[in-house]
1. Give the residue that is nearest to Val290 (Cα to Cα), with candidates limited to residues of segment 230-258 that are among the aliphatic types (A, V, I, L, M) and surrounded by fewer than 17 Cβ atoms within 10 Å (Cβ to Cβ).
2. Of all the helices (runs of 4 or more DSSP H) wholly in segment 122-212, which have at least 2 residues that are β-branched (Val, Ile, Thr)?
3. Determine if segment 77-88 includes at least one residue that is closer than 18 Å to Ala152 by Cα and in contact with a Lys or Arg (Cβ under 8 Å, 6 or more places away or on another chain).
4. Taking the criterion of being modelled with pLDDT of 95 or more and assigned to a helix (DSSP H, G or I), would at least one residue in segment 35-51 satisfy it?
5. All but one of (1) in the same structural domain as Phe83 (by the TED database); (2) open to solvent by less than 50 Å² (accessible area, probe 1.4 Å) hold for Gly276; which doesn't?
6. Could you say which residue among Glu311, Glu317 is within 18 Å of Leu171 (Cα to Cα) and not assigned by the TED database to the domain that holds Val213?
7. Restricting to segment 223-232, name every residue that is in contact with an Asp or Glu (Cβ under 8 Å, 6 or more places away or on another chain) and in contact (Cβ under 8 Å) with a residue 24 or more places away in the chain.
8. So how many residues does segment 17-57 have that are within 18 Å of the chain's Cα centre (by Cα) and under 21 Å from Glu76 (Cα atoms)?
Amino acid sequence: MTLNRYIQIRRELHKIPELGFKEFKTQQFLLRYLTELPSERMEIKKWKTGLFVKIKGRNPQKTIGYRSDIDGLPIEEKTSLPFQSEHEGCMHACGHDFHMSIALGILTHFVHHPIEDDLLFIFQPAEEGPGGALPMLQSKEMSEWRPDTIFALHIAPEYPVGTIATKEGLLFANTSELFIDLEGKGGHAAYPHLTRDMVVAAAHLVTQLQSIVSRNVNPLESAVVTIGKITGGTVQNIIAEHARLEGTIRTFSNESMQSVKERIEALIKGIEAGFGCKAVIDYGSMYHQVYNDEELTRQFISFLKKHPGIEFVNCKEAMTGEDFGYMLYEIPGFMCWLGVQSEFGLHHAKLNPNEDAIPFAIDTMVNYIQTL
């Protein structure tokens, strides 16, 4: 049995995951593929490590945008697949290899079978960080080719292949990175009274941060404060002079995000006073919520329901973060989930999505675009 062309492309891309704004091999792979296509109706512009690809329509009245992210995650892959990552410590653990291969499949169809309107395919770097959507949105290339509508998909391991899930309005949360550095005074473990121990300070702060959602956020609102990494100290018999906490904040409203940050800053002031240390907070990359345009999403859902081969799920909003929200804030459109049925979830070292979702997604999106 011949392997589907775009499944093979996905496997090739899966081997070369690269971190945000370092997607050099990925960009070259995409360019090699694109330059083999007929060029009469296609125009390509580079943007940092990303690409804009315009497919000219027969009689354009508008431009329809489609976005794919292209970066990987700093995760050591543990799938043992024959095509697993060749880049140590980096993996396509969020499905961006799927996203790219699907986008190439859709693009290729319309290179050979143009519709009336122009199509703009955006291959965006740095979705996982530090964020490529906002600067790409603000670029001169986007200004010249700005689409009238835009949409994108994201793999969903929890749904079976053949499923598309989405909803009108809020789909993904507001997100913010969180980095806190604590500076005290180090010293010998036998003389703690002469030091200011930042491991102890960090431990107290982590516990206090967990009280924010349960005691400072309206129970009818939703929020998450997660500390995923703590570093501090050098060896077992030296009291740590420095400690660092790294985490994330997720909320469904801008007001809750501001409230959570204000509470974090208040708790940090207490840590400074209580442990005689200095704290520095950095919110890193902040992503705007993904808010689906109601009318366009309704039209898309109506299309899905008319096709018996597609299982539509009216999903709930999720605490997932996606910088595609910046594009949707300025350009009407939507994002949807694509079922890929994997035992392991997003950002897991053993994520292994079902590749049958790739040709299904290409066919679904091609058919949808033809209705616009």
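1. Pass one, segment 230-258, residues among the aliphatic types (A, V, I, L, M): 230, 235, 238-240, 243, 245, 249, 257.
Still in the list and also surrounded by fewer than 17 Cβ atoms within 10 Å (Cβ to Cβ): 230, 235, 238.
Numbers: Ile230: 29, Val235: 44, Ile238: 46 Å.
Among them, the one singled out is Ile230.
2. On the way: elements: 133-137, 140-145, 198-209.
The helices (runs of 4 or more DSSP H) meeting that bar are 198-209.
3. Going residue by residue through segment 77-88, those that are closer than 18 Å to Ala152 by Cα are none.
Among the residues of segment 77-88, not one is closer than 18 Å to Ala152 by Cα and in contact with a Lys or Arg (Cβ under 8 Å, 6 or more places away or on another chain), which makes the answer no.
4. Within segment 35-51 (the criterion being modelled with pLDDT of 95 or more and assigned to a helix (DSSP H, G or I)), the answer is yes, since at least one residue qualifies.
5. (1)
6. On the way: Glu311 fails: within 18 Å of Leu171 (Cα to Cα).
Of Glu311, Glu317, the one residue that is within 18 Å of Leu171 (Cα to Cα) and not assigned by the TED database to the domain that holds Val213 is Glu317.
7. Ile227, Ile230
8. 8
The values are calculated or read from the model by the stated rules, or taken from the named source; none is laboratory data. Note that the structure is predicted; figures quoted are calculated from it, not measured. Note: ideal-geometry Cβ built from the backbone for every residue, glycine included; neighbour counts use all protein chains shown. The area values use the complete protein model at the heavy-atom level, side chains included, leaving out ligands, DNA and RNA. Shrake-Rupley method; radii C 1.70, N 1.55, O 1.52, S 1.80 Å.
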